[in-house]
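Structure first, then comments.
The values are calculated or read from the model by the stated rules, or taken from the named source; none is laboratory data. Keep in mind it's a predicted model, so treat the numbers as computed, not measured. All Cβ positions, glycine included, derive from the backbone under ideal geometry; neighbour counts span all protein chains shown.
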Amino acid sequence: MKTTFRVLAMLAISSAIVFAGCKKDDNNDDDIIPTNTSEFSAVIDGVQFTETTPGGLLDIDANELNIMGDNSTGTLMVDLNGDIAVGNYTVGSGTTQSISWNPESGFSYFARPGTIVVTKHDVVNNRIEGTFTATLESTLPPTISLTNGVFKISYTEL
């Protein structure tokens, strides 16, 4: 009899613990605000550049991916050509990859030299991520530095 009582008591305690642990999920999925997981930014000549709505275009016929962003200070562009895979790409005179900066108040600057590092490329979901740096030159001195470049974008195929 004592064994039966102990089993029933254990069963009652276990049931109480299980039911006490269960409570109504009052989370409302409508309250969830999606976060923007896209980013296109760099430090250009010591000044932070951030694009608020980054994106890119992939021209399938030309096999070229253009990542471009602009804000009130100018337009920044990173171009990748060819079969774009995870890896390092050299940018500069005579290469097919490019980085350019077109400030609102001045001449265009081009990477001579520079590096683009693709860290992820999801061709199924059209998403690419990576980093970039460069020394930027214009037709007139001085050269400027581009550091801490980051892209995490989804692109559209043309």
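Have a look at Asn28, Asn36, Asn63 and point out the one that is at pLDDT below 85, touching a Gly at 6+ places or on another chain (Cβ under 7 Å) and farther than 23 Å from Thr133 by Cβ.
Values: Asn28 fails: touching a Gly at 6+ places or on another chain (Cβ under 7 Å); Asn36 fails: touching a Gly at 6+ places or on another chain (Cβ under 7 Å).
The conditions single out Asn63.
Please indicate, with yes or no, whether at least one residue in the stretch 72-84 is over 14 Å from Gly56 (Cβ atoms), in contact with a strand residue (DSSP E or B) (Cβ under 7 Å, 6 or more places away or on another chain) and at pLDDT below 95.
Taking the stretch 72-84 as the starting set, the residues that turn out to be over 14 Å from Gly56 (Cβ atoms) are 72-74, 82-83.
So of that shortlist, the ones also in contact with a strand residue (DSSP E or B) (Cβ under 7 Å, 6 or more places away or on another chain) come out as 73-74.
Narrowing further to those that are at pLDDT below 95: 73-74.
Yes, that holds for at least one residue.
Within the stretch 47-81, work out how many residues are assigned to a loop (DSSP other than H, G, I, E, B), farther than 15 Å from Leu158 by Cα and without any contact (Cβ under 8 Å) to a residue 40 or more places away in the chain. Lay out the reasoning, then the answer.
Step one: filter the stretch 47-81 for residues assigned to a loop (DSSP other than H, G, I, E, B), giving 51-54, 60-63, 72-73.
Filter once more, so that each one left must be farther than 15 Å from Leu158 by Cα: 51-54, 72-73.
Checking the rest, the ones that are also without any contact (Cβ under 8 Å) to a residue 40 or more places away in the chain come to 51-53, 72-73.
Total meeting the criteria: 5.
Just to be sure before I move on: is Gly130 of a type outside the set (Ser, Thr, Tyr), assigned to a strand (DSSP E or B) and touching a residue at least 40 places away in the same chain (Cβ under 8 Å) in the structure I sent? First the steps, then the outcome.
Numbers: of a type outside the set (Ser, Thr, Tyr): yes; assigned to a strand (DSSP E or B): yes; touching a residue at least 40 places away in the same chain (Cβ under 8 Å): no.
Against the criterion (of a type outside the set (Ser, Thr, Tyr), assigned to a strand (DSSP E or B) and touching a residue at least 40 places away in the same chain (Cβ under 8 Å)), Gly130 does not qualify.
Taking the stretch 133-144, which residues are hydroxyl-bearing (Ser, Thr, Tyr), closer than 10 Å to Arg112 by Cα and assigned to a strand (DSSP E or B)? Before you say what the answer is, go through the steps one by one.
Within the stretch 133-144, the first condition is being hydroxyl-bearing (Ser, Thr, Tyr), and the residues that meet it are 133, 135, 138-139, 143.
Imposing the further condition that a residue be closer than 10 Å to Arg112 by Cα reduces the set to 135, 138, 143.
Scanning the stretch 133-144 gives a single hit, Thr135.
Looking at Glu51, Glu137, Glu129, Glu64, can you tell me which residue is in contact with a His (Cβ under 8 Å, 6 or more places away or on another chain), crowded, with 16+ Cβ neighbours inside 10 Å and not aromatic (Phe, Trp, Tyr)?
On the way: Glu51 fails: in contact with a His (Cβ under 8 Å, 6 or more places away or on another chain); Glu137 fails: in contact with a His (Cβ under 8 Å, 6 or more places away or on another chain); Glu64 fails: in contact with a His (Cβ under 8 Å, 6 or more places away or on another chain).
Just a single option satisfies the conditions, and that option is Glu129.
What residue, of Ile128, Ile116, Ile144, is under 20 Å from Ser72 (Cβ atoms), out of contact with any helix residue (DSSP H, G or I) (no Cβ under 6 Å at 6 or more places or on another chain) and of a type in the set (A, V, I, L, M, F, W, C)?
Details: Ile128 fails: under 20 Å from Ser72 (Cβ atoms); Ile116 fails: under 20 Å from Ser72 (Cβ atoms).
After ruling out the rest, the residue left standing is Ile144.
Return the only residue of Phe19, Phe107 being of a type in the set (Phe, Trp, Tyr), at pLDDT below 85 and in a helix (DSSP H, G or I). Don't jump to the end; show me each part of the working.
On the way: Phe107 fails: in a helix (DSSP H, G or I).
When all the criteria are applied, what remains is Phe19.
Take the conditions closer than 21 Å to Gly55 by Cβ and of a type outside the set (Ser, Thr, Tyr) and apply them to Phe151. Does it pass? Walk me through it before giving the result.
On the way: closer than 21 Å to Gly55 by Cβ: yes; of a type outside the set (Ser, Thr, Tyr): yes.
When the stated conditions are applied, Phe151 passes them.
State all residues of the stretch 85-97 that are surrounded by 15 or more Cβ atoms within 10 Å (Cβ to Cβ), at pLDDT 90 or above and in contact with a Pro (Cβ under 9 Å, 6 or more places away or on another chain); if no residue qualifies, say none.
Val91
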